[in-house]
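Only one structure is covered here, and it is reproduced in the block below.
The values are calculated or read from the model by the stated rules, or taken from the named source; none is laboratory data. Being a predicted model, the structure only gives us computed values, none of them experimental. Every residue, glycine as well, gets a Cβ built from its backbone with ideal geometry; the counts of neighbours run over all protein chains shown. For accessibility, only protein heavy atoms count, side chains too; no ligands or nucleic acids. Shrake-Rupley method; radii C 1.70, N 1.55, O 1.52, S 1.80 Å.
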Amino acid sequence: MALSLVFFSVFFLAFNVQYLLITAASHTEMVKLSGGRFKMGTDAKDGKDGEGPSKMVKVKSFLIDKFPVTNENFRKFVREKNYKSEAEKFGWSFAFFSAVPAKTLSKIKQSVQGAPWWIPVNRAFWRQPQGPGTSIKDKMKHPAVHISYNDANEYCKWAGKRLPTEKEWEFAARGGLRDNTYPWGNNFEEKRMNIWQGRFPHENTKDDGYHWTAAVDAFPPQNDYGMCDMVGNAWEWVSDELKTLGGGGEKKFVLRGGSYLDSVDGAFNHIARVTTRMGNTADAGSDNITFRCAKNIPKVDL
C-alpha cells in the first residue's frame with residue numbers, strides 16, 4: 001500500500017454510482033458502473049450487422065477501462081509474458097494503404113476484393129503498425145492495433161481482467177442517455193471522435209485533427225460516465241460471439257465502436273455511432289482493431 005496510492009472519486013450520474021480508480025500505470029483507469037436496464041441497439045432503417053432492432057436489456061454492476069489499451073501498456077504485457085501476437089506469428093496483417101511507406105507499398109500487388117484500401121503488409125503488427133520502417137515510438141498513447149480477439153483475451157488475463165460483454169460496452173458508451181446516436185447525445189460534434197472526413201479513401205481533410213489513429217486521450221471524455229474513445233479511432237473487441245441468421249460459417253466475435261475509417265453518415269464504411277458493430281474471426285487483426293478491458297466487481301468492494 002505504501003508503494004501505490006489509490007484515489008477514489010465518486011460521481012452520482014443518472015442513478016449510477018461511478019468510481020474512478022486511478023492507478024500508478026498510465027491510462028489504466030477503470031470506471032465503476034452500477035448497471036441497470038437500458039434500451040440497446042437501434043431501430044434506424046440504416047442499421048446493419050445486427051444493430052437492430054432495439055431491445056431492453058439488463059446489466060449487472062461492473063468495472064470497465066476508461067481508455068482502450070495503449071501501445072505503452074500492451075508493450076508491458078508483451079515484455080513480461082514474452083508474448084508474440086498472432087499478427088507476428090502469421091508474418092503479416094492488414095493495413096490501410098495510405099499509411100504504408102511508399103517503399104513497402106510498391107512491393108504489394110494485392111488488396112482485399114471490394115475494399116482495395118486494405119492491403120496485406122508483411123511484418124505489420126502492433127509494434128510496427130504499417131510494416132517495416134514504421135514504429136510506435138511516437139504513438140505510445142495510441143491504441144494498440146493489429147490485436148486479435150485471442151491477443152486481447154491473453155492481455156486481459158495478464159491484467160486480471162476480461163473483455164466486456166457487448167451489453168456492458170454499449171451501456172458504458174451510452175453514458176446514461178436513452179436513444180442517443182453518440183455517447184454525448186444526438187448531435188454530431190466534429191472534434192469529439194476520430195473518423196474519416198473528406199472523400200474516402202484518397203482524401204482525409206482531418207477536420208477532427210487526425211488522419212490515422214489518435215492518442216486515446218486526444219479528445220475529452222465522450223460522455224458523463226467519463227468514457228474516452230468509445231466511438232471512432234479503432235474498433236474494440238467484446239466477448240460476445242457474432243450471431244448470424246441461419247448460423248453456420250466461420251465463428252466470429254463482435255467488434256464495437258467503429259474506427260478512423262468510418263463516416264458520420266454511412267456514405268462509406270460504417271456510420272460511427274454508439275450502436276455501430278461488426279464481426280471478425282478470433283485470429284483477425286488490422287491497423288484499426290484494438291480493445292479495452294472490463295472486470296467483475298469484487299464481493300468485498302473497497
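Side notes on the structure shown:
Listed here are the residues, each with its yes/no results for (1) open to solvent by less than 20 Å² (accessible area, probe 1.4 Å); (2) among the hydrophobic types (A, V, I, L, M, F, W, C); (3) at pLDDT below 95.
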| site | (1), (2), (3) |
| --- | --- |
| D217 | no, no, no |
| W235 | yes, yes, no |
| V238 | yes, yes, no |
| V254 | yes, yes, no |
| D262 | yes, no, no |
| S286 | yes, no, no |
| I297 | no, yes, yes |
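- Meets criteria (buried (at least 17 other Cβ atoms within 10 Å of the Cβ) and farther than 26 Å from G160 by Cβ) for E51: yes
- Candidate set: segment 162-185, residues that are more than 17 Å from G35 (Cβ to Cβ) and touching a Lys or Arg at 6+ places or on another chain (Cβ under 8 Å); chosen: the one surrounded by the most Cβ atoms within 10 Å (Cβ to Cβ): P183
- So K139, is it modelled with pLDDT of 95 or more, farther than 19 Å from T281 by Cβ and either in contact with a Gly (Cβ under 7 Å, 6 or more places away or on another chain) or not in a loop (DSSP other than H, G, I, E, B) (or both): no
- Picking from residues in segment 71-107 that are among the small types (G, A, S) and modelled with pLDDT under 95, the one that is least open to solvent (accessible area, probe 1.4 Å) is A99.
- Taking residues in segment 143-167 that are at positive phi, and partners anywhere that are open to solvent by 40 Å² or more (accessible area, probe 1.4 Å) and assigned to a helix (DSSP H, G or I), not one pair has Cβ atoms closer than 7 Å while being at least 6 places apart or on different chains.
- Matching residues in segment 245-294 - criterion: being of a type in the set (F, W, Y) and within 11 Å of the chain's Cα centre (by Cα): Y260, F291
- Matching residues, segment 226-253, being within 21 Å of G266 (Cα to Cα) and assigned to a loop (DSSP other than H, G, I, E, B): D229, M230, V231, G232, N233, A234
- With respect to the conditions (1) farther than 18 Å from L163 by Cα; (2) among the polar types (S, T, N, Q); (3) in contact with a strand residue (DSSP E or B) (Cβ under 8 Å, 6 or more places away or on another chain), N223 falls short on a single one, namely (3).
- Considered as a group, the residues in segment 84-127 that are of a type in the set (A, V, I, L, M) and in contact (Cβ under 8 Å) with a residue 40 or more places away in the chain include one that is farthest from K139 (Cα to Cα), and that residue is A87.
- In segment 186-215, the residues that are in contact with a Leu (Cβ under 9 Å, 6 or more places away or on another chain), within 25 Å of G41 (Cα to Cα) and open to solvent by less than 70 Å² (accessible area, probe 1.4 Å): I195, W196
- Test set (1) part of a loop (DSSP other than H, G, I, E, B); (2) surrounded by fewer than 22 Cβ atoms within 10 Å (Cβ to Cβ); (3) of a type outside the set (K, R) - N223 fails condition number: (2)
- Test for V121: is it assigned to a strand (DSSP E or B) and more than 15 Å from A234 (Cβ to Cβ): yes
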